[in-house]
Amino acid sequence: MQDFHKINGHDAVIHLLRDNPSWYYVVLSALEEAKSIPNGRFAGKWVLDKAKRYGVSWIPSLRKLVAYGVLTKVGDSTQGGRRAYYSMPDIVGVERALNEFSPDKPVVPYRGYEVTKSGIAQRDVQIPFYGNLASCGSPNDSETFIESYMNVKSTLARPGHKYFIVRADGDSMDQAGIQSGDFVLVRAQNHADVGQKVVACVDGANTIKELQYQGDHLILMPRSSNPNNKVITLTTNNAEIQGVVVTTLNLGE
């Protein structure tokens, strides 16, 4: 168990915001909730709702605030794991750090160009990374929180579309160029053509497969050297396409 008296909220916030300046308004929202609740125990959803009013258009995972020591998780999650509760052990330190730190503007992803001295140039685009969203094996349960943002060339993440990044887990698409552990760039859309690689939500879980159709059935086809990976046959009622795979990414790109 953590010793709350040893937690330095000031230093925790400074370290967090130096690494992630766009989280300023998330921390501010958490501070406001902590100060407004008599017992100091508040739901993560309340923080996220308040952050939206500050212009935070993405969905941050408050696990990052716990990892940096800004918040402490209180008890077990409720409502099927969808609602987690937190406390802020050092409210005074957190508030002091926010007063010292200049807030960054909320992140606005998908802007593909910038003005330079030599004219208008393409630049890297900040794409949300869902740390536990897609499986290249059997569908996996996941939390749809944004873990971080990654820079991607705007030649890949073209303006006019929305994108997200997932990390592949499993070997069911190894013959299609997607290895376990790969970062996969996905164009968000709810439809796809036959033969495209898709991220699909199946009964509340997620998977990456090749899309095929057979009569009225939707087929999620593995492309794997492992015979244990099986075809998933679905109706359109229990499957939802979340996006089309654009490419795998190298971290150095």
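Just so you know, all these numbers are worked out from the coordinates, no wet-lab data involved. This structure is a prediction, so every number in the text was calculated from the model and none was measured. Glycine also receives a Cβ, built like all others from the backbone with ideal geometry; neighbour counts cover every protein chain displayed.
For GLU240 and ASN39, what is the calculated FRET efficiency with R₀ set at 41 Å and r taken between the beta-carbons, to the nearest 0.05? Let's see the in-between values first.
Values: r = 39 Å, r/R0 = 0.95.
Computed FRET efficiency for GLU240 and ASN39 comes out at 0.60.
Put a dot 7 Å past the Cα of ASP49, heading toward its Cβ, do the same for ASN99, and the two dots end up 2.9 nm apart. Within region 156-253, the trypsin sites (Lys or Arg not before Pro) that combine a DSSP coil assignment with at most 15 other C-beta atoms in a 10 angstrom radius are LYS162, LYS230.
Under 4 °C and 1.567 mPa s, how fast does region 21-63 diffuse according to Stokes-Einstein, given a Kirkwood radius computed over C-alpha pairs? Answer in µm²/s, whole number. The Stokes-Einstein estimate is 125 µm²/s.
Pairs exceeding a 23 Å alpha-carbon distance, out of LYS45/LYS197; LYS52/LYS162; LYS197/LYS230; LYS64/LYS209: LYS45/LYS197; LYS64/LYS209.
Estimated at 0.36 nm per residue, the fully extended path between ILE91 and GLN175 surpasses their Cα-Cα distance by 25.1 nm. Would you please classify the overall shape of region 4-100 from the alpha carbon gyration tensor, given that a ≥ b ≥ c denote the square roots of the eigenvalues, rounded means a/c under 1.5, and beyond that prolate means a/b larger than b/c while oblate covers the rest? It is oblate, given that a/c is not under 1.5 and a/b is not larger than b/c.
Given 0.36 nm per residue, what is the gain on full extension from ARG18 to THR155 after removing their alpha carbon distance, in nm? Present the calculation step by step, with values, prior to reporting the outcome.
On the way: separation 137, 0.36 × 137 = 49.32 nm, distance 2.88 nm.
46.4 nm is the gain from fully extending ARG18 to THR155.
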